[in-house]
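Scroll down for the structure; my scribbles are underneath it.
All of the numbers you see were taken from the coordinates with simple rules; none came from a lab. Given the structure is predicted, the values throughout are model-derived calculations rather than measurements. Positions of Cβ are backbone-derived with ideal geometry, glycine not excepted, and every protein chain shown enters the neighbour counts.
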């Protein structure tokens, strides 16, 4: 899944994505970094919300939350836009990076064009960095 964070696009492994929601109010948690917006009650479970735009240096409200799960833990990631699910070339490359980036990246993948008759990848980058969900979760769930 390709998401927009600041002026950058990142790929999220679709196997980690549970759902996409419109942003909603969170319960603030004192003592957390500014990029942790708080907790969200999601079907009876409290889920931390990490604002990737704010973490990436953009102080704006994010309209979308991508709920991800890794190793039995869930978090909602605040993003500026969802650019859809796109096929990628097999194999990963070193991350492209971003000059003022603070988001953990584990690799880069090349986006493949979609089949004729479907939405295209026009206007999208040829490659995108893959967000390191594991590293982000280590920070988010530190001290758990």
| message | If a paramagnetic tag sat 7 Å from the Cα of residue 60 along the Cα-Cβ line, which residues of the stretch 1-27 would have the backbone N under 14 Å from that point? | response | 4-9
| query | In percent, what relative contact order does the chain have, based on Cα pairs under 8 Å that are 6 or more apart in sequence? | reply | 24 percent
| remark: Under the rule rounded for a/c under 1.5, else prolate if a/b exceeds b/c, else oblate, using alpha carbon gyration tensor axes a ≥ b ≥ c, the stretch 7-62 is classed as oblate
| Potential lengthening between residue 141 and residue 41 on full extension [0.36 nm per residue; Cα-Cα distance subtracted] | 34.3 nm
| field | Length added when fully stretched, residue 102-residue 82, from 0.36 nm per residue minus Cα-Cα | value | 5.2 nm
| query | In µm²/s, what is D for the chain at 25 °C and 0.890 mPa s, where D = kT/(6 pi eta Rh) by Stokes-Einstein and Rh is the Kirkwood radius from Cα pairs? | reply | 157 µm²/s
